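Note sheet for the following structure.
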Amino acid sequence: MQKKYLMTPGPTPVPAEVMLTMAAPIIHHRTPDFSAAFKQSVEGLKYVFQTESDVLLFACSGTGVMESAIVNCFSAGDTVIVTRNGKFGDRQKQICETYGLNVIDLAYEWTETVKPADIKAALDANPGVRGVIVTQSETSSGVLNDVKAIGEIVGPLEDTVLIVDSITGIGAVDCKTDEWNLDVVMTGSQKGLMLPPGLAACTVSKKAWKAYERSTLPKYYFDWMKYQKNVAKDTTPFTPAVTLVLGLNQALDMMRDEGIENTIARHSRLAKATRAGVEALGLKLFAPEDGRGSAVTPVWVPEGVDGKAIVKIMKDKHGVTIAGGQDDYAGRIFRIGHLGYFGEFDIITTLAALEMTLAELGYEFEPGTGIKGAELVFMEG
Ligand SMILES: *Cc1c(COP(=O)(O)O)cnc(C)c1O
């Protein structure tokens, strides 16, 4: 037997309480029992999204809700600004192009943050832009983009919506949907919500509903109005992921008990300790100092070490699953997730496994250095 640890930024570990809730016999979705549970889940999601706006819940992975935002807010030929500094920003661009939008492409290195001033300049140079699309927490690079500053720029523009992929942001970093003028904020169940994959949710502001009214892109399953009309009746237009909704309520209760500010603070400490641990080992962080998120810590593979072997040995020999790099960074970075149901000793365990793995691969360091680096952060209290 080998005890296993899931240290990836999605899927993330699911608490036993949530798993047990989902072990209950399935109930029918057109019942008062399910309606009560559904209503509770929408209220709980508003709490974690920090919004009074509408919240819609879908049976799909995160990419489904990303696509829903595009088809519900825009028409073919509309001009949108897509910012991208990682794989998920690239996906936003692909979705927009698939639907015939005219994309103003603000592309950055994966090691850079999106610069709000560039968005301002692009908006000034291109009157009539209908949307700005940003990934708050870029999971592929660990970069945190400043959606608050971007909200200040887009907020006053009546006909331009700000769409935020916060799929690994919600629950890990602060995301004040209403206060920051974010029109559509998205998340997915297998990330900070501590659930298995299969649910995704988004907020829809009044401005986003105005965009919906204008939008002519075809939509059926993801037509937001179908969901909105049913939310008013505490139900869903199509068969919901009943079991996941019941699990979601359990997870949301846990988040409410902790308090969203405390949840975010816990992630911040876990991220800080992880960074301190890997830096103490002489490794280099991938994300830039001005934009490090708390969901995942990407680390450069040290010279002379086989990056894919790090991930493989950690998993096969030590039972610790971390993520490798994606696209151009496959084999060049590895990523330690600490998003959702994580505590201090998950970080210590992972750093210990990392140390043993690096030693096996011939990297030279004093054993215990990484663990000590993390411990010192945790002992700060
Ligand atoms: C996980 C993730 C998504 C959605 O991916 P799915 O595999 O469709 O759930 C989108 N954006 C970001 C930033 C993510 O981390």
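Observations on the structure shown:
- For peptides 235-244, 64-73, 187-196, 98-107, sequence by mean Cβ density within 10 Å, most packed first: 187-196, 64-73, 235-244, 98-107
- Label-point separation in nm, residue 31 to residue 216, each point 7 Å along Cα→Cβ: 4.6 nm
- Using heavy atoms of the protein chains and a probe of 1.4 Å, the accessible area assigned to residue 154 is about 0 Å².
- Carbon/sulfur fraction of accessible area - the chain, other protein chains in place, 1.4 Å, %: 53 percent
- The simple spin-label model puts a point 7 Å past each Cα toward its Cβ; for residue 257 and residue 356 those points are separated by 3.1 nm.
- Inter-centroid distance (Cα atoms) of the range 311-373 relative to the range 30-73, Å: 34 Å
- At R0 = 25 Å, FRET efficiency that the Cβ-Cβ distance of residue 306 and residue 4 yields, to 0.05: 0.65
- Highest-MSF residue in the chain out of 294, 141, 205 [GNM, Cα springs under 10 Å]: 205
- Between helix 116-125 and the chain there is an angle of about 30 degrees, using the helix long axis and the longest principal axis of the Cα atoms.
- Cα long-axis angle, helix 344-360 against the chain (0 to 90 degrees, to the nearest 10): 50 degrees
- Most mobile listed residue (112, 366, 43) in the chain, GNM with C-alpha springs under 10 Å: 366
- For the range 258-381, a crude dipole built from +1 on the beta carbon of Lys and Arg and -1 on the beta carbon of Asp and Glu, taken about the Cα centre, is about 220 debye to the nearest 20.
- Percent of beta bridges antiparallel (DSSP, the chain, rounded to nearest 5): 50 percent
- For residue 118 and residue 176, a Förster radius of 22 Å and the Cβ-Cβ distance give a FRET efficiency of 0.45, rounded to the nearest 0.05.
- Per residue, in Å², the accessible surface of the range 16-257 once ligands and nucleic acids are set aside, probe 1.4 Å: 38 Å²
- Counting only aspartates and glutamates at least 8 places from residue 210 when in the same chain, those with an alpha carbon closer than 12 Å to its own are 158, 159, 183.
- Along its principal axes, the range 93-230 has C-alpha extents of 40, 35, 31 angstrom, given from the largest down.
- Each of 329, 220 has its accessible area taken with a 1.4 Å probe; listed largest first, they run 220, 329.
- Descending semi-axes in Å of the range 16-257, equivalent ellipsoid built from Cα gyration tensor: 30, 19, 15
- Choice from 201, 122, 211 showing the highest fluctuation, given a GNM over the chain with Cα pairs closer than 10 Å: 122
- Loop sites in the range 231-294: trypsin sites (Lys or Arg not before Pro), DSSP, at most 14 other Cβ within 10 Å: 233, 284
- Semi-axes of the equivalent ellipsoid for the range 177-302, Cα gyration tensor, largest first, Å: 35, 19, 14
- Along the range 71-80 the Karplus relation, 6.51 cos²θ - 1.76 cosθ + 1.60 evaluated at θ = phi - 60°, assigns HN-Hα couplings of 6, 8, 9, 10, 10, 4, x, 4, 9, 10 Hz to successive residues, with x for each Gly and Pro.
- Cα-based helix-to-principal-axis angle, 87-98 vs the chain, degrees rounded to 10: 30 degrees
- Within the same chain, lysines fewer than 8 places from residue 272 are excluded, and of the rest, those with a Cα less than 23 Å from its Cα are 148, 176, 191, 284, 372.
- Relative contact order %, the range 16-257, counting alpha carbon pairs below 8 Å whose residues are six or more apart: 30 percent
- Förster radius 41 Å - calculated FRET efficiency between residue 52 and residue 380 (Cβ-Cβ, nearest 0.05): 0.70
The values are calculated or read from the model by the stated rules, or taken from the named source; none is laboratory data. Given the structure is predicted, the values throughout are model-derived calculations rather than measurements. Using ideal geometry, Cβ is built from the backbone for each residue, glycine included, and neighbour counts are taken over all protein chains shown. Calculation scope for accessible area: heavy atoms of the full protein, side chains included, ligands and nucleic acids excluded. Shrake-Rupley method; radii C 1.70, N 1.55, O 1.52, S 1.80 Å.
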